[in-house]
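**Student:** Before anything else, here's the structure in question.
What follows is calculated from the coordinates using simple rules that are stated; it is not laboratory data. Quick caveat: nothing in here was measured; it's all calculated off a predicted structure. All Cβ positions, glycine included, derive from the backbone under ideal geometry; neighbour counts span all protein chains shown.
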Amino acid sequence: MKIKNYLSIIGLIFFFYILYDVGIIKILSAIKNSNPYYLAAAALLTPLFILPLAFKWHLILKRQGFNLKFLYVLRLYYIGAFYGFITPAHIGSLIRAHYLKKKTKKDLIECASSIVIERILDLFVIFIFAFVGALIFIKSSLGIVSPLIISFIIFLLVILVFMRKKRGMFFLSIFYNLLLPKNIKEKADSSLDRFYNSLPRLRKLIIVFIITILTWIFFYSQTYIFAKAFYINIPFYIFVSFVSIGTVIATIPISISGLGTREFTLITLFSLFNIPPEATVSMSLVSFFMTGLIEGSLGLYFAFKEDEILDYNTISS
């Protein structure tokens, strides 16, 4: 069993402990007594959330020279959402690069670079929301703010180092020169060179960055509606800060889609407003599974359709 599978098991054990500690009966009761109108409203927004995400990726691809229709990019994004739903830290969403490679016949490194850019922008915006919100509200709680400050600084330093080709290749070469055999080193150099050459200039990503901010505001608004269904009443900007911190923690690949780590973080933060843990856990789980199942079901359907098309084209050629 690979180490990532062990990490996923650790996260799931942690998740089941939270269910035991909070109480499954209490959680089921909170779900039963939730407001169905808010739940329905939030669920109906789920397919719409993918639209700005796919549009953002479409813009990145255009800036890299990919000539693809938006509807095709949207279909691939749904496929990525399905695989991301069932893998740690949404790693499965990288499957989009595989489909993109088969469609465009371009190098896998070039196809994957667009997704790397997208994930970096997402993390950057999430860190900003979490960082600013924490500084506004939790001024005296250094136990929460300090790790955020340290994480944000490290994240920025890593981006500043690797955003430039010479610096990035220099630091990466230190690692793979020590760890990889000579024949693989040459391939690594070639892959890194193609990766950096496929990256668009930063000034071309300004609009993409703005869309990323708007996309996450949309997502947090949808999650806020889910929170209302469980009678969680806190100011929106504080809610955004808390959920952003939970999202950052959920990116740690020790569980499937952040289950357990996200809930523990939200329970801790929402308790500052005396929100019952069963309401917090119920909100987190229902929003996660409802959106995941809707996006995943559509993604699974598109995955079957896309595989059929690719298989047909392979046989025809």
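**Student:** Based on the Cβ-Cβ distance of Phe14 and Arg119, what FRET efficiency does E = 1/(1 + (r/R0)^6) give at R0 = 25 Å, to the nearest 0.05?
**Tutor:** The formula returns an efficiency of 0.60 here.
**Student:** Let me ask something else. Can you give me the long-range amide H partners of Lys106? Hydrogens built in the peptide plane at 1.01 Å from N, cutoff under 5 Å, separation of 5 or more residues or another chain.
**Tutor:** Hits under the 5 Å cutoff: none.
**Student:** If you filter region 24-109 for chymotrypsin sites (Phe, Trp or Tyr not before Pro), then keep DSSP loop positions with at most 11 other Cβ within 10 Å, what is left? Spell out each step's value before the answer.
**Tutor:** Working: sites: Tyr37, Tyr38, Phe49, Phe55, Trp57, Phe66, Phe70, Tyr72, Tyr77, Tyr78, Phe82, Tyr83, Phe85, Tyr99; in loops: Phe66.
Within region 24-109, no chymotrypsin sites (Phe, Trp or Tyr not before Pro) qualify (loop, at most 11 other Cβ atoms within 10 Å).
**Student:** Which entries of Lys103/Lys204; Lys102/Lys204; Lys62/Lys103 show an alpha-carbon separation above 18 angstrom in the structure shown?
**Tutor:** Distance filter (> 18 Å) returns Lys103/Lys204; Lys102/Lys204.
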